[in-house]
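> Would you mind keeping the following structure in view while I ask a few things?
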Amino acid sequence: MSTRPGDDELPPDPFPGDPFAAGQPPSTPPPPPQPDAALNPLAGLFAQFAQTTAGQGPLNADLARHLAVWTAAGGMVEANLEPLERIRIETIAARAIPLVEEVTGLSLPGSPKPSPVGGSTRAEWAAETLTAWRPLLDGLAGSVGAAFTPEPDDTDDDLAEQLQALGLGAFPGGFAGLAKMIAPTVAAMQAGTLLGQLATTALGSYDLVVPRTPATRVLVVSRAVAEFSDSWSLPADHAATQIIVRDLVSHAILGLHHIGDLITRLTIAHASAGQLDPSGLGDMGGLTALLGGGLGGLLGGPTPGGPSPDAMLSGEPTAEQLRLRAQLRLVIIPVLGTIDYLSSAIGARLLNDNRQVVEALRRRRLDRDNGTRLVEHLLGIGVDQAGLDDGRAFVGGILERAGHDGLLALFEGPDRLPTEAELAAPGLWLARIGLAD
């Protein structure tokens, strides 16, 4: 006797219809693809970035610091500075600090102990500069976020199709949510890579006339100073002394609130007013390669062959940036001219003859590398030969008519900064502040 159940006793067929029948639709449509990390590694990549950027501001500072240090050290573990080299730098600084304070009439924080000057590796320079420049970098990150945030009525069918093909069609918030998540990471990659590139050539804290907030110690990149002195056949202590003097004078002047705060405010506004072009990153494939480079940086370094992290940074300045550059010029040019004059005068008293090292530093400033030019472009602080000549002429005119004390009047308050007409005719400036002959 058969025990096989009859048809009426079988459970319902879970696969109704003929699966081989052409054109027959399934009874229930399949669910849309979900960003499952187990099935789609790319979705997992985005999920990891979502976790690492959660709670961050406009800049993923941890990623920026990692990339800055990694780039500065050339992807290797940089050896610590020898104790004797640190002592050498502090010994030179100890001789320079009293003279800088005497000539400028300004006090340096931390003097005489602990020393406000320290020898540094390139990786240390990158990490400390990231902290000191954080307000500026946040302003740049805001521009990146704006560039990555689509307008409410913006629709990109091609990108939507690519997201769907990658299994990210159901990403929370759609493209806007994805863009919001990506922006701090892209900003971090740009900031970290740029700072790392600057660290490979920086001699000290103030190769660029950028205030440091808060005003931390002055860093001297010992390896870079040694390479600079060798390339120009300069005595090593002469090069180190002049660079330390230059940075101490810069530290004192840019630490003044009416100068440093003004430059910081204008450079933040300039960085924030930029219109960056995300199309420089290419299509979704280029974007995912860029993010892959960011994740690779967390694990040991950017992915070779991916898009450059500064791919969106080039471009023409906006009208607002041009206006801000004109304001910055009226601060940067007289300040830079004053720093050059005072540091040259102080260096001459310490070294007897510092003309060769001063000339080498002047030529180095004019022959800037691409990374330095890009940062100047972003912050609006670039000064060409004509600007340097204007600053030298302004300082020379003041010294000729009012001497050293007249020049120090620049430090007395915000109303002492020159106008455009006064920058071209220092006699007008002296007349306005009551120091004319």
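The values are calculated or read from the model by the stated rules, or taken from the named source; none is laboratory data. Model, not experiment: these values are computed from the prediction. As a convention, Cβ positions derive from the backbone with ideal geometry for all residues, glycine included, and neighbour counts pool all protein chains shown. The accessibility values were calculated without ligands, DNA or RNA, using every heavy atom of the protein model including side chains. Shrake-Rupley method; radii C 1.70, N 1.55, O 1.52, S 1.80 Å.
> Limited to region 75-90, what total is found for residues that are in a loop (DSSP other than H, G, I, E, B) and open to solvent by less than 60 Å² (accessible area, probe 1.4 Å)?
3
> Give the residue that is farthest from the chain's Cα centre (by Cα), with candidates limited to residues of region 188-221 that are open to solvent by 10 Å² or more (accessible area, probe 1.4 Å) and among the polar types (S, T, N, Q).
Here the residue is Thr216.
> Can you tell me which residue in region 403-427 is modelled with the lowest pLDDT, limited to those that are farther than 17 Å from Gln327 by Cβ and in contact with a Ser or Thr (Cβ under 8 Å, 6 or more places away or on another chain)?
Among residues in region 403-427 that are farther than 17 Å from Gln327 by Cβ and in contact with a Ser or Thr (Cβ under 8 Å, 6 or more places away or on another chain), the one modelled with the lowest pLDDT is Phe411.
> Something else about it: In region 123-236, which helices (runs of 4 or more DSSP H) lie fully inside it and hold 3 or more residues that are modelled with pLDDT of 75 or more?
The qualifying helices (runs of 4 or more DSSP H) are 134-148, 174-199, 222-231.
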